[in-house]
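Written below as structure tokens is the structure these notes are about.
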Protein chains: 2
Amino acid sequence: MISVDEARARIVSAIRATPAEQVGLSEAWGRVLAIDIAARLTQPPADMSAMDGYAIGACPGAVGDELRVIGESAAGHPFTGTLGAHQAVRIFTGSVLPAGTHAILIQEDATREGDRLRINEALAPGKHVRPAGQDFRRGETLLSAGKRLGARDIGLAAAGNHAWLAVHRRPLVGILATGDEIFLPGEDLPPGGIVSSNSHALAALVRAAGAEPVVLPIARDEIGEIIAAVSSAARFDLLITTGGASVGDHDLVQAALKHSGMELDFWRIAMRPGKPLMFGQLRDMPVIGLPGNPVSALVCAILFVLPAIAALSGLPGEAPATVAARLAVPLSANDRRADYLRSTLSTEAGGTLRVSPFPRQDSSQLKLLASADALTLRAPHAPAAAAGDEVRIIRLAGFGI
Amino acid sequence: MISVDEARARIVSAIRATPAEQVGLSEAWGRVLAIDIAARLTQPPADMSAMDGYAIGACPGAVGDELRVIGESAAGHPFTGTLGAHQAVRIFTGSVLPAGTHAILIQEDATREGDRLRINEALAPGKHVRPAGQDFRRGETLLSAGKRLGARDIGLAAAGNHAWLAVHRRPLVGILATGDEIFLPGEDLPPGGIVSSNSHALAALVRAAGAEPVVLPIARDEIGEIIAAVSSAARFDLLITTGGASVGDHDLVQAALKHSGMELDFWRIAMRPGKPLMFGQLRDMPVIGLPGNPVSALVCAILFVLPAIAALSGLPGEAPATVAARLAVPLSANDRRADYLRSTLSTEAGGTLRVSPFPRQDSSQLKLLASADALTLRAPHAPAAAAGDEVRIIRLAGFGI
């Protein structure tokens, strides 16, 4: 058995990011930039006004000075002449300042009658100006490769005059559930039959991670059928199997994958839920074999599939973020397997998180997992912990999971 | 001018959730459930084994007892007979327990030779059993209306044998940018021209919120053109305009909307960036008019458009979550407008968040906004604050924003 951290490190180091594709700006949200982008223009392109008011030409600019308004500079309609002494041009927020502008007089500090303008507050040259290039200059790097693009980044790329961006291709992730006992949602079930929930939960998790899931038909517990399913899966960026890894005498998935040419890296991890987790490479395709229990499958997916998809997407593939919380109940000492306890959270006065692991942690209880707010981490051989002790948790809400 | 909280409350209370549609389970991730779903079966359907081992029929079950193995119960292939006294059936994790099962003997505690089985550890009836209905029972509510469906929920709906779910229709959000000075990304710009970044940033934000954006062609600063654009937008669940609200003498958007029949609710909010924010109803369609400055537009979108889309989606439409942080620098007293300072975050030893507002907060600086980790909140009339004082912040990373 290997540790959780070693397992994730081996998976991530075996995975290369997908190649780049060119997508329109409107399709780039949530994608990971593959090539730096530099500004194709300077923003603002010229000195602009940050306020509504008047651009003032050369003059003492004292209270009581009178000037003549000779025109207007509106957004999209810059004033093309040059401001002379004792002249003013009407301007608005975002107006280009005319040549010859000495200072800006905001409209609250002006009295205007016809084309006569009176200064009611002494001028402060440079104030209320957005100088050319204040936001960025042509050629400056706006966004770097490896960044997952949020709405602000899309806006920045647009402002830099980019209509197309090079992003990593969305990873295509095949999902293969195996088992004689599982059936598609909505079907009539025979005695002992259960619904295949893993494929659909994993497909949603793959989507949440920004990749594209392909749910393969269920393969029965028959090695020929599993080999056929695996051979149809050769073009994915990642293949996830579920089931067949913890059924004792009936472990056909690993056998079928090995028969198909998979090089097995590891298949047991010192963790609970989910010891029998498999990783290998089938030609160039990474394969992660998850346990069949729905809770084990999803917890392992959070710990290993999300980092794998991140690595495929051009991101580092880090462990899920943890935060500190205080135990609401005592916990007994842990054995040699890292434990991920399904837990609820509350917030104490003062803002401290308080975490309550469910008393029952059976890995078949999907409803409990769905109602959990967090996973409480217990390191291998962690000593007994008292109520109030600090532990690390993985919050589940933020993942779309 | 009204407060930020009042503005959001008015927007959210004027919005009704979109009606329900029926979607396949594979399309339901991220959608908001419109109707409760109840389990269509009991899970587990029968008492099942939590371990690999043997189901043991009636017997004393002491160490050294010998039994006869009469068959096997594998996943999908339950044993159909009844266990008699001193009989055993081979079982695996997830196997249905045969009728007549007295206890489970895990395989580590058994010695088997042919069909003879020896008990090496005293039996504990009830142990290692997943009783029927442990996860949920037929008819039990699994997920309630108003829940945004994560991967775990999709798995739970599948496990409850649902192939179809009723979810709120994805809100369709029209985005109309106006202005003579703005052009599409990738175009050649005339002097004073800038790229329309708001539409594209807002479209990404709409997507991040789980809604569907429709970017309308840019309308020039001409009232007839804006009226025509507005009339083409009548079928959206929400119309967002940007620009035309802070250009002083040139406020054509509000005029065009009123001419088209919009009832104006409010148009000024005591906040910075973004005072000139408009809200109204055009027949049944809510309209939010955002400022034209890219930073103001995005900050206002976080504060008002995200709650509006949440309300349209069947969620409560709450204010963005805030967390506590300590100021890295002092701040001067605030005026009567709530301030949302673009800021970076770091984490001190001990885990406390430390927030540094950028020294320059001009609302045209999109690159600064894109590099910000958080918005630092300053209430109206907040007194001067010292470095180390606690403030509330909105973290920007988690939104896809």
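Please note which strands (runs of 3 or more DSSP E) are completely contained in the stretch B:89-137 and include at least 1 residues that are farther than 24 Å from A:Ser363 by Cα.
Those strands (runs of 3 or more DSSP E) span B:110-113, B:116-119.
Might you check whether a residue that is assigned to a loop (DSSP other than H, G, I, E, B) and under 29 Å from the mean Cα position of the chain (by Cα) occurs anywhere in the stretch B:321-338?
Yes.
Is it the case that the stretch A:23-44 has a residue that's within 11 Å of another protein chain (Cβ to nearest Cβ), among the aliphatic types (A, V, I, L, M) and surrounded by fewer than 21 Cβ atoms within 10 Å (Cβ to Cβ)? Write out each step before concluding.
So the first thing to find is which residues in the stretch A:23-44 are within 11 Å of another protein chain (Cβ to nearest Cβ), and the list is A:24-31, A:39-44.
Within this subset, residues satisfying the condition of being among the aliphatic types (A, V, I, L, M) are A:25, A:28, A:39, A:41.
Add one more test, that the residue is surrounded by fewer than 21 Cβ atoms within 10 Å (Cβ to Cβ), and what stays is A:41.
Checking the stretch A:23-44: at least one residue is within 11 Å of another protein chain (Cβ to nearest Cβ), among the aliphatic types (A, V, I, L, M) and surrounded by fewer than 21 Cβ atoms within 10 Å (Cβ to Cβ).
Residue-by-condition table, conditions (1) within 30 Å of B:Asp335 (Cα to Cα); (2) within 35 Å of the chain's Cα centre (by Cα):
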| site | (1), (2) |
| --- | --- |
| B:Asp5 | yes, yes |
| B:Arg16 | no, yes |
| B:Ala20 | no, yes |
| B:Trp29 | no, yes |
| B:Pro45 | no, yes |
| B:Gly57 | no, no |
| B:Phe79 | no, no |
| B:His86 | no, no |
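Quick grid of which residues meet (1) over 29 Å from A:Ala50 (Cβ atoms); (2) assigned to a strand (DSSP E or B); (3) outside the structural domain of B:Val206 (by TED's automatic domain parsing); (4) touching a residue at least 60 places away in the same chain (Cβ under 8 Å):
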| position | (1), (2), (3), (4) |
| --- | --- |
| B:Glu263 | yes, yes, no, no |
| B:Glu318 | yes, no, yes, no |
| B:Tyr340 | no, yes, yes, yes |
| B:Val355 | no, yes, yes, no |
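Given (1) more than 22 Å from A:Ile269 (Cα to Cα); (2) buried (at least 18 other Cβ atoms within 10 Å of the Cβ); (3) modelled with pLDDT under 95; (4) of a type in the set (A, V, I, L, M, F, W, C), where does A:Ala385 come up short, assuming only one miss?
Only one criterion is unmet by A:Ala385, namely (3).
From the list A:Leu189, A:Leu205, which one is out of contact with any Ser or Thr (no Cβ under 9 Å at 6 or more places or on another chain), at the interface with chain B (Cβ under 8 Å from one of its Cβ atoms), more than 30 Å from A:Thr42 (Cα to Cα) and without any contact (Cβ under 8 Å) to a residue 12 or more places away in the chain?
On the way: A:Leu205 fails: without any contact (Cβ under 8 Å) to a residue 12 or more places away in the chain.
The unique qualifying residue is A:Leu189.
For every residue, the table says whether it meets (1) more than 15 Å from A:Ala297 (Cα to Cα); (2) at pLDDT below 95; (3) buried (at least 22 other Cβ atoms within 10 Å of the Cβ).
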residue: A:Trp164; (1), (2), (3): yes, no, no
residue: A:Asp180; (1), (2), (3): yes, yes, no
residue: A:Gly224; (1), (2), (3): yes, yes, no
residue: A:Phe236; (1), (2), (3): yes, no, yes
residue: A:Val247; (1), (2), (3): no, yes, yes
residue: A:Asp251; (1), (2), (3): yes, yes, no
residue: A:Glu263; (1), (2), (3): yes, yes, no
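Could you please find all residues in the stretch B:278-301 being touching a helix residue (DSSP H, G or I) at 6+ places or on another chain (Cβ under 9 Å) and within 13 Å of B:Asn198 (Cα to Cα)?
Here is the first cut: in the stretch B:278-301, the ones touching a helix residue (DSSP H, G or I) at 6+ places or on another chain (Cβ under 9 Å) are B:278-280, B:282, B:286-295, B:297-299, B:301.
Of everything in the stretch B:278-301, those that are touching a helix residue (DSSP H, G or I) at 6+ places or on another chain (Cβ under 9 Å) and within 13 Å of B:Asn198 (Cα to Cα) turn out to be B:Gly289, B:Leu290, B:Pro291, B:Gly292, B:Asn293, B:Pro294, B:Val295, B:Ala297, B:Leu298, B:Val299, B:Ala301.
Report, by residue number, each residue of the stretch A:1-57 that is within 30 Å of A:Ala99 (Cα to Cα), in a loop (DSSP other than H, G, I, E, B), out of contact with any helix residue (DSSP H, G or I) (no Cβ under 6 Å at 6 or more places or on another chain) and not hydrophobic (A, V, I, L, M, F, W, C).
Within the stretch A:1-57, A:Arg40, A:Thr42, A:Pro44, A:Pro45, A:Asp47, A:Gly57 qualify.
In the stretch A:351-380, which residues are within 11 Å of chain B (Cβ to nearest Cβ), among the β-branched types (Val, Ile, Thr) and buried (at least 23 other Cβ atoms within 10 Å of the Cβ)?
Listed by number, the list is empty, since nothing qualifies.
Only one of these conditions is not met by B:Thr111: (1) under 17 Å from B:Asp47 (Cβ atoms); (2) β-branched (Val, Ile, Thr); (3) away from chain A (no Cβ under 12 Å). Which number is it?
So B:Thr111 meets the others, but not (1).
If I filter the stretch A:208-221 for residues that are part of a strand (DSSP E or B), small (Gly, Ala, Ser) and outside the structural domain of A:Asp362 (by TED's automatic domain parsing), do I get at least one hit?
yes
Taking only pairs six or more apart or across chains, which ones have beta-carbon atoms under 9 Å, a first residue in the stretch B:100-121 that is in the same structural domain as B:Ala62 (by TED's automatic domain parsing), and a second residue that is assigned to a helix (DSSP H, G or I)?
Pairs that qualify, where the first residue is in the same structural domain as B:Ala62 (by TED's automatic domain parsing) and the partner is assigned to a helix (DSSP H, G or I), are B:Gln107/A:Gly248; B:Ile119/B:Asp109; B:Asn120/B:Glu108; B:Asn120/B:Asp109; B:Glu121/B:Glu108; B:Glu121/B:Asp109.
Which condition breaks for A:Leu117 when tested against (1) in contact with a strand residue (DSSP E or B) (Cβ under 6 Å, 6 or more places away or on another chain); (2) under 27 Å from B:Ile182 (Cα atoms)?
Every condition holds for A:Leu117 apart from (2).
Of everything in the stretch A:45-60 that's surrounded by 15 or more Cβ atoms within 10 Å (Cβ to Cβ) and among the hydrophobic types (A, V, I, L, M, F, W, C), which residue is farthest from B:Asn198 (Cα to Cα)?
Restricting to residues being surrounded by 15 or more Cβ atoms within 10 Å (Cβ to Cβ) and among the hydrophobic types (A, V, I, L, M, F, W, C), the top hit is A:Cys59.
How many residues does the stretch A:80-99 contain that are within 14 Å of another protein chain (Cβ to nearest Cβ) and in contact (Cβ under 8 Å) with a residue 24 or more places away in the chain?
Selection size over the stretch A:80-99: 10.
Could you tell me which numbered condition A:Ser313 fails, if it satisfies all but one of (1) among the polar types (S, T, N, Q); (2) under 25 Å from the mean Cα position of the chain (by Cα); (3) closer than 25 Å to B:Lys147 by Cα?
(3)
Any idea which of (1) more than 25 Å from B:Pro190 (Cβ to Cβ); (2) modelled with pLDDT of 95 or more is the one A:Gly114 doesn't satisfy?
Answer for A:Gly114: the failing condition is (2).
Output the number of residues of the stretch A:119-174 satisfying the condition of being in contact with a helix residue (DSSP H, G or I) (Cβ under 6 Å, 6 or more places away or on another chain) and among the basic types (Lys, Arg).
Number satisfying all stated conditions: 1.
Cβ contacts < 8 Å: first residue without any contact (Cβ under 8 Å) to a residue 12 or more places away in the chain, restricted to the stretch A:26-53; second residue assigned to a strand (DSSP E or B), any location; separation 6+ or different chain. Result?
Final answer for the pair search is A:Ser26/B:Val215.
Can you report the number of residues in the stretch B:138-181 which are at the interface with chain A (Cβ under 8 Å from one of its Cβ atoms) and assigned to a loop (DSSP other than H, G, I, E, B)? Lay out the reasoning, then the answer.
The initial filter retains those residues of the stretch B:138-181 that are at the interface with chain A (Cβ under 8 Å from one of its Cβ atoms), namely B:142-143, B:149-164, B:179-181.
Subsequent filtering for residues that are assigned to a loop (DSSP other than H, G, I, E, B) retains B:149-150, B:160-163, B:179-181.
Counting residues in the stretch B:138-181 that are at the interface with chain A (Cβ under 8 Å from one of its Cβ atoms) and assigned to a loop (DSSP other than H, G, I, E, B) gives 9.
The values are calculated or read from the model by the stated rules, or taken from the named source; none is laboratory data. Keep in mind it's a predicted model, so treat the numbers as computed, not measured. Glycine gets a Cβ as well: all are built from the backbone with ideal geometry, and neighbour counts include every protein chain shown.
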